[in-house]
1. Only one residue in 103, 118 is exposed (fewer than 14 other Cβ atoms within 10 Å of the Cβ), in contact (Cβ under 8 Å) with a residue 12 or more places away in the chain and either within 15 Å of the chain's Cα centre (by Cα) or in a loop (DSSP other than H, G, I, E, B) (or both). Which one?
2. Across the range 137-167, what is the number of residues that are among the hydroxyl-bearing types (Ser, Thr, Tyr) and outside any helix (DSSP H, G or I)?
3. Would a scan of the range 72-89 turn up a residue that is closer than 24 Å to residue 37 by Cα, polar (S, T, N, Q) and not in a loop (DSSP other than H, G, I, E, B)?
4. Exactly one condition in (1) part of a helix (DSSP H, G or I); (2) closer than 23 Å to residue 131 by Cβ; (3) among the aromatic types (Phe, Trp, Tyr) is not met by residue 170; state its number.
5. Just to be sure I understand the filter: pairs with C-beta atoms under 7 Å, separated by 6 or more residues or on different chains, first member in the range 159-175 and at pLDDT 95 or above, second member among the charged types (D, E, K, R) and not in a helix (DSSP H, G or I). Which pairs pass?
6. Against the definition (in the same structural domain as residue 154 (by TED's automatic domain parsing) and crowded, with 18+ Cβ neighbours inside 10 Å), how does residue 77 come out, yes or no?
Amino acid sequence: VDGKNLGWYKEVRTSFQDSMEAAKEAGAKDAGDYALTKLAERLNQYDFPVLLAAEWGQPDRLIQLIDAPSTPKIRKLFILSALSEIEAEAALPHLTKLMQDKDLAQEAVEALTGVGEDSIPFLTDLFQSSTQPEIQAAAAKALGDVAGSSGNPTAIPPLLEYLKAALKNFDSSDDINFPVLTEVVWSLGKLRDEHSIEPMDELNQRVWLIRDNSQEMANLREAANWTYKQLDLDGHVS
């Protein structure tokens, strides 16, 4: 499916051999219905039906899996990623709901990139309001990916605003929120807007004035250097 080798399963079985006995133990009245229900739950654990539904353009089938209480939360993200590729509007409210789960929030943000530019307002709000660095960083990265591929410029101002605010208090490593700032800088490099040149020029100089040999600082310096070069290639740097 879509060039992916998903493997092939000749059969899918329930965890029990005797459906009558299993139904009795579970208090189910109809052994046949019980067995079919359990078989369907087992089938839903495999990736092939999900990807096949996406390939055939069946968003309703994917939404049913997302809404099913028996579907594990982490699997819902996989299904949402597939759904977002074929039905962006259908995926967005479900992704927003999963954002309430702290254990899945970061993965949900990453899945939002598949929704496209419709997700930019939500990602912007999340980037500006989240108090969790890992979520804020993921939102910054997603904004760069989505806006970079769609050409939508509305993601630039919030990222640029964050960079300018960070530069106002940039005297030591303790002043830097490395995960967030690094992703902001990478994203600005993808968007290559001329308004980024002055703050990026300042950042590209100031990251070397702080004595810090940590990997976090190395990552930020790499991002700053790369983004500055992208702006230079566009002729923004004189």
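The values are calculated or read from the model by the stated rules, or taken from the named source; none is laboratory data. A quick note: this is a predicted structure, and the numbers were derived from the prediction, not measured. As a convention, Cβ positions derive from the backbone with ideal geometry for all residues, glycine included, and neighbour counts pool all protein chains shown.
1. 103 is the lone residue from the list that is exposed (fewer than 14 other Cβ atoms within 10 Å of the Cβ), in contact (Cβ under 8 Å) with a residue 12 or more places away in the chain and either within 15 Å of the chain's Cα centre (by Cα) or in a loop (DSSP other than H, G, I, E, B) (or both).
2. Step one: of the range 137-167, the residues among the hydroxyl-bearing types (Ser, Thr, Tyr) are 149-150, 154, 162.
Imposing the further condition that a residue be outside any helix (DSSP H, G or I) reduces the set to none.
Qualifying residue count for the region: 0.
3. The initial filter retains those residues of the range 72-89 that are closer than 24 Å to residue 37 by Cα, namely 72-80, 82-83.
Narrowing the set further to residues that are polar (S, T, N, Q) leaves none.
Taking every residue of the range 72-89 in turn, none turns out to be closer than 24 Å to residue 37 by Cα, polar (S, T, N, Q) and not in a loop (DSSP other than H, G, I, E, B).
4. Against the list (1) part of a helix (DSSP H, G or I); (2) closer than 23 Å to residue 131 by Cβ; (3) among the aromatic types (Phe, Trp, Tyr), residue 170 comes up short only on (1).
5. Here the result reads 173/212, each pair linking the range 159-175 to a residue that is among the charged types (D, E, K, R) and not in a helix (DSSP H, G or I).
6. Numbers: in the same structural domain as residue 154 (by TED's automatic domain parsing): no; crowded, with 18+ Cβ neighbours inside 10 Å: yes.
Against the criterion (in the same structural domain as residue 154 (by TED's automatic domain parsing) and crowded, with 18+ Cβ neighbours inside 10 Å), residue 77 does not qualify.
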